Amino acid sequence: MGKPLLQFTKKGIYCDVAGVYLDPWRPVDKALITHGHADHSRWGHKKYITHHDNVPIITHRLGDINVSGIAHGENLLINNVKFSFHPAGHIPGSSQIRVEHNDEVWVFTGDYKTEDDGISTPYEPVKCDTFITECTFGLPAFKWQPQSQVMHDVNTWCAQNHADGKTSILFAYSLGKAQRLIKHLDTSQMKIYCHGAVYKMTEVLRELIDFPPTYLITRDTTKEEIAGNIVVAPPSAHGSSWMRKMVPYVTASTSGWMTFRGARRRRAMDKGFVLSDHCDWDGLLESIDATGCENVITTHGYQEIFARYLREEKELNAISERTQYEGETSDENSAEESNGGTLSAETIVEAP
């Protein structure tokens, strides 16, 4: 039996026949990149290939790199291996990567979600034999409410804070989650002020997406200007001296981890909204069913638990593989775009 079409190596997911890597975590000659988060698009590769919409994102983050863009559904032939990019629905510019060789088809999801968030190209299932899936939220406890309901709750909370004369500070990753909030915030009574990291990334994406006006918080921005409005900032800004200008304020975390009781308390947040850029439990299972695959490889998240469930309950050939991808962080004070970690067993038992 020959080598598998895609192999997990010390540098990343490797296609030996084509001599290319998918989202490698160490420097390589040629890298196919699913999306712009730091754990999937790292600096140091000689050549980057990604979706057109992701090109401005990774050049903003990584600087002067050798990168080319490809459209969704466009075929890229490398040494008789056919590659194509397909919508992942995770964040703007995100894609799954389909790999076909000798009538064998693999799909690598990168990160993905099935709900249309209004800013990302919606997820599309891709038929395959082997499906490499993240499972950041691969436990039955994770079940998302529709985005419309979550954003209604966010806007109601902000309106009440405004009426109370307090500033609403929403913490969200500067790439993806922040723009999702900005797109759907109610600005009829309030302005949206942004931390520099959020503001700059939103301006990069403004060429692709119609956002409401946002205002950069600078040294010259006064406390009176911000008062009673909305501030969107990366998690790394929480607890920093930067927030002094917002007093009096109320804080909220926007994360899938808000499903768990105690998560908000540990982060010293006033409010938590369950909003994730990843699939919940049902979304993962529905996505796997839609591919028609026989083989599943689970990566970052609860990969071993999820693979066992797929073997025992779904009768699929499922195994887990360790990677350096990190999913959505359970530690809001980690690097703002680095999305890392899972919860401990102590935290898991707090699930309702």
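Each value in this text was obtained by applying a stated rule to the coordinates, not by laboratory testing. Since the structure is predicted, the reported quantities are computational estimates derived from the model, not experimental observations. Heads up, the Cβs are rebuilt from the backbone with ideal geometry, glycines too, and the neighbour counts pull from every protein chain shown.
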For this session: Mind checking the full-extension length gain between K46 and N75? Use 0.36 nm per residue of separation minus the Cα-Cα distance, one decimal, nm.
Result: 8.3 nm
Exercise. Measuring from label point to label point, each 7 Å out along Cα→Cβ, what is the E315 to R26 span in nm?
Worked result: 4.1 nm
Seminar exercise, completed: Treating only Lys and Arg (+1) and Asp and Glu (-1) as charged, each at its beta carbon, one finds that the chain has a dipole about its Cα centre, in Debye to the nearest 20, of 1120 debye
For this session: Set Lys and Arg Cβ to +1 and Asp and Glu Cβ to -1, take the dipole of the chain about its Cα centre, and tell me which of C15, T114, T59 lies farthest positive.
Result: T59
For this session: At 7 Å along the Cα-to-beta-carbon direction for both K82 and E304, put a label point, then send me their distance in nm to one decimal.
Result: 3.9 nm
Problem set entry | Over 22 Å (Cα to Cα) - which of K166/K245; K47/K127; K127/K177 fall in this group | K47/K127; K127/K177
Seminar exercise, completed: Expressed in angstrom and rounded, the centroid-to-centroid distance over alpha carbons for segment 152-213 and segment 251-329 is 26 Å
Problem set entry | Karplus (6.51, -1.76, 1.60) ³J(HN,Hα), θ = phi - 60°, over segment 89-96, in Hz, Gly and Pro reported as x | x, 6, 8, x, x, 7, 9, 8
Problem set entry | About the Cα centre, charge dipole magnitude for segment 147-273 (Lys/Arg +1, Asp/Glu -1 at Cβ), debye | 580 debye
Exercise. Looking at the square roots a ≥ b ≥ c of the eigenvalues of the Cα gyration tensor of segment 269-327, which shape do they give, rounded for a/c under 1.5, prolate if a/b is larger than b/c, or oblate?
Worked result: prolate
Exercise. Just the Cα atoms of the chain: what Rg and Dmax do they give in Å?
Worked result: 20.3, 69
For this session: Round to the nearest 0.05 the FRET efficiency obtained for S240 and E104 when R0 = 56 Å and r is the Cβ-Cβ distance.
Result: 0.65
Problem set entry | Ellipsoid semi-axes in whole angstrom, largest first, where each is sqrt(5λ) of the Cα gyration tensor of segment 208-252 | 19, 14, 11
For this session: Sort 249-256, 218-225, 288-295, 68-75 for me by packing, meaning the mean count of neighbouring Cβ atoms within 10 Å per residue, highest on top.
Result: 249-256, 288-295, 68-75, 218-225
For this session: Provide Rg over Rh for segment 147-273; use the alpha carbon set for both Rg and the Kirkwood Rh (inverse mean inverse pair distance).
Result: 0.93
Seminar exercise, completed: Going from the fewest other Cβ atoms within 10 Å to the most, one would list I49, I13, I78 as I78, I49, I13
Problem set entry | Pairwise label distance in nanometres, T9 with A227, each label 7 Å out on the Cα-Cβ vector | 6.1 nm
Exercise. Reachable aspartates and glutamates from K46, Cα under 14 Å, same-chain residues fewer than 8 places away excluded?
Worked result: D23, D29, D64
